[in-house]
Amino acid sequence: MLNGHKFLVLPNEDTSRRRYMRTLIDKNGGQHGVEIGLIDDSFVHGDHIINHKLFYKEMNPNDVPLDQLRLFKLSDLTKWLKHRFLDFSKPLKLHEEVVVETDSQESNTGVPDTHQVTSPSETHDTADTNVSHSSDANLIMPMNNPNYKLIKVLKSLEKRYKLQNDTFRYLGYMKMIKILQNVRVKIESEEDAIENGLSKGLSKKIPFLLKLGESGSELKMDTSEQTLLYFQECHGIGAFKSKQYVNMGYSTFEDLIPYMNWTQLTGLAFYEDWQLSIPREETMKHEAIIRKAMNEVNENLCMEITGSYRRGQPRSGDIDIVVHMPGQNDLNYISRELEKVIIKLTETGYIICPLNLNETLKSLFQPWFHKLFSHFNKPFDVKAYDEPVHKFYCGAAVTKYEPDRIKDADALTLKGNDKKYKMDIGKTCRRVDFLLAEYQGLGATNVYFTGNNNFNKKCRTIAKQKGYVLSNDGIYKDGQLIPVADEYEILDMIGVDKLKPTERNL
């Protein structure tokens, strides 16, 4: 069937999947080229090739005649062989993407720095698939920001590269957005950008991005990107796994059910609930219920809800709780006490489902698991280990929440037949995470989990300059832990202003 055709598999790291593809080609009369050791990164998104600089550099155009190549997905080949029909009518497109490089990425590869944006006529879906939300769940972009249009374009690109797991470009866009959100004058040129805090490397992209923003062009996600986002919003399915599923031709959760484990099934059951923001008032109700249970189990158990809630923000994405006991550094002991709290909260109906287990908790949640596997019509399959739980992740509910039209505008919903997987418990299920802390490292733990990311980065950088290592479980000097339970003592040690949690929204 493949006689007369020669194939070059890109990227062709010697993995079992690539070896299988080459075997298929050989068995069907085709040939494959000499192995070219490319970095194992996907070059395909939607109907076009991405990562052009790497693509050109590693392919070496002097050895490979690009003008004679027709580019297809590996999944296309398997479909052709299954149906015994070759279809070369829809090759992938080789065109440049919009690129913003961070300063550390500046390079000279000899590749022309051209830019194209997918036009509406090139997209495969006319649905409203524009990406406009920030990585910060609490941030609502004000329409009166003078750089609103520019920020909107940047948010689209930030989301696109985050989906592609392209960390450098994603961080580049995120950096630009954070700076521009605090700029109160309109950026109209590269010079304006530099004067307002953007580096030269980022500023040189401003004219093109301004033109894009003023034209009203939208950066719509293609079908592949829509599916990546759809899958990745399910708990337990990350960038790597979602890309695998898309490359295999899957587009719905109905396709994935046979491959999903119990934590992913739980994420799918509460897919829509876990997309929604949590109002501060609701978090306070969670706090009251948990504190009451802890006091009933052991009066020495202490808790602190961290993250954006502790920083005074009106909404959170989930509820992170640091648990400790004064003077206690034995996490196994704290874990046994927390297990009693978990049992109490589950028996009262507050905790709905677990996301990690040990043998004790597995027995506790047997009724939930039977309900879960029955809901998805799958055989019972749950593994647990007989060890203390130093972190406990779960879903819990206190009330029914009605989504906010503006603040929850970017929340995804299940599509088509996938809607049948939604589990309705009469309340809105929320992600609640318990994190145990040793008392001797509590100060650093509270700094880390309170955030925000910018404040944490500042603290770690200054600590390193002074010979310390600041982590989420303590502060170290010459490899030795320095016992500090007070977060303000940590800040004083490293020479950072002792800001209150509500002042750390940098």
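Assess whether VAL484 counts as being more than 22 Å from LYS175 (Cβ to Cβ), hydrophobic (A, V, I, L, M, F, W, C) and assigned to a loop (DSSP other than H, G, I, E, B). It is true that VAL484 is more than 22 Å from LYS175 (Cβ to Cβ), hydrophobic (A, V, I, L, M, F, W, C) and assigned to a loop (DSSP other than H, G, I, E, B). HIS235 meets the conditions (1) at positive phi; (2) at pLDDT 80 or above in every case but one. The failed one is (1). Here is a list: PHE380, PHE373. Which entry is buried (at least 16 other Cβ atoms within 10 Å of the Cβ) and among the aromatic types (Phe, Trp, Tyr)? The match here is PHE373. In the range 347-374, what residues are touching a residue at least 60 places away in the same chain (Cβ under 8 Å) and β-branched (Val, Ile, Thr)? Scanning the range 347-374 gives ILE351, ILE352. Screening the candidates TYR350, TYR385 for the property of being within 30 Å of MET325 (Cβ to Cβ) and crowded, with 16+ Cβ neighbours inside 10 Å yields one hit, TYR350. In the range 291-314, of all residues being of a type in the set (Val, Ile, Thr) and over 14 Å from ILE334 (Cβ atoms), the one that is surrounded by the fewest Cβ atoms within 10 Å (Cβ to Cβ) corresponds to ILE305. Among the residues of the range 438-479, the ones that are assigned to a helix (DSSP H, G or I) and under 17 Å from GLN328 (Cα atoms) come to 8 in all.
The values are calculated or read from the model by the stated rules, or taken from the named source; none is laboratory data. Remember, predicted model here, so these are calculated numbers, not experimental data. Glycine also receives a Cβ, built like all others from the backbone with ideal geometry; neighbour counts cover every protein chain displayed.
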